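Please read the structure below before turning to the comments.
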Amino acid sequence: MQYVRSMSKAAKSPRTPASADAPEAPATPATPAGSRAAAQRLKMRRELAAAAMELFATKGYEATTVDEIAATAGVARRTFFRHFRSKEEAIFPDHDDTLTRAEAVLNAAPAHEHPLDTVCRGIKEVMKMYAAAPTVSVERYRLTREVPTLREREIASVARYERLFTRYLLGHFDESAHHDGNDDPLLAEVAASAVVTAHNHVLRRWLRAGGQGDVETQLDHAFAIVRKTFGSGIGAGRESTSLPAPAATASAHGEVLVTVARTDAPLDEVMRTIETALRDR
């Protein structure tokens, strides 16, 4: 498996045209004025989303109109359509900005970090979005379970994250080495899907519990399982990897424990190796 040592490649975000079901993710503002404009834009989107969710909960999704959402938020109909193309889009106001933040995590990844670890850090931006407003997130989850149109919108949003992470993982393999019999593209796509699936599993469990519990610890546990399953395959051929998988040995009398591990090995993997060595000595 041929791993590209230089990790300064920018992750290519899967942009969608205006005719697609998700708007273009906004560019990161480069000036204080741009930052203020972006903050005001997000504030308005969230206010419209809150109005939409309030009406969906009281009147029902089908009975609610765009005009009513705009009026409840105290803005004109044209203001609504400057931010969203439809009423179902209005209850997902943060996905574009979250996708941009996740992409920024990938682009700023340190050169020594395993690409799968980078992807796990990137998708944590999505969990942060939900955890920032548990009550809203739980209500949104209820609505998406009841309204097929909203469920389809949610699935489309998840697909955007999967495409972003798959491109990132593929970008860290030598494309010239992709040939018949080379499973790197398959492994990258499956690994990206596994990260997203692990995240969504933890997220759904948290939402079903009413937004209660230590979701970050649960997420770290799920990612550890993904890394254990896929981590030894992705990047296995890196030039910088000169040491074997973590190994530990203890002396007969237990006075000394020697551990050897790759610098990019997950901490939980190293700790398991040490625990096993101490238990079996």
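The values are calculated or read from the model by the stated rules, or taken from the named source; none is laboratory data. All of these numbers come straight from a predicted model, not from anything done at the bench. Counting neighbours? That spans all protein chains shown, and the Cβs are built from the backbone with ideal geometry, glycine included. Ligands, DNA and RNA are stripped out before the accessible areas are found, and what is left, the full protein with its side chains, is counted by its heavy atoms. Shrake-Rupley method; radii C 1.70, N 1.55, O 1.52, S 1.80 Å.
Our estimate of slack between His112 and Arg142, defined as 0.36 nm per intervening residue step minus the Cα-Cα distance, is 6.7 nm.
Ranking Tyr168, Tyr141 from most to least accessible surface, computed with a 1.4 Å probe over the protein chains only, gives Tyr141, Tyr168.
Heavy-atom accessible area, probed at 1.4 angstrom with all protein chains present, ranks Lys59, Lys124, Lys43 as Lys43, Lys59, Lys124, highest first. Peptides 87-93, 126-132, 145-151, 190-196 ordered by packing proxy, namely the average of other Cβ atoms within 10 Å per residue, highest first: 87-93, 190-196, 126-132, 145-151.
Cross-link pairs exceeding 30 Å between alpha carbons, from the set Lys87/Lys228; Lys59/Lys124; Lys87/Lys128: Lys87/Lys228; Lys59/Lys124. Note on Asp220: accessible area approximately 60 square angstrom, rounded to 10, probe 1.4 Å, nucleic acids and ligands left out.
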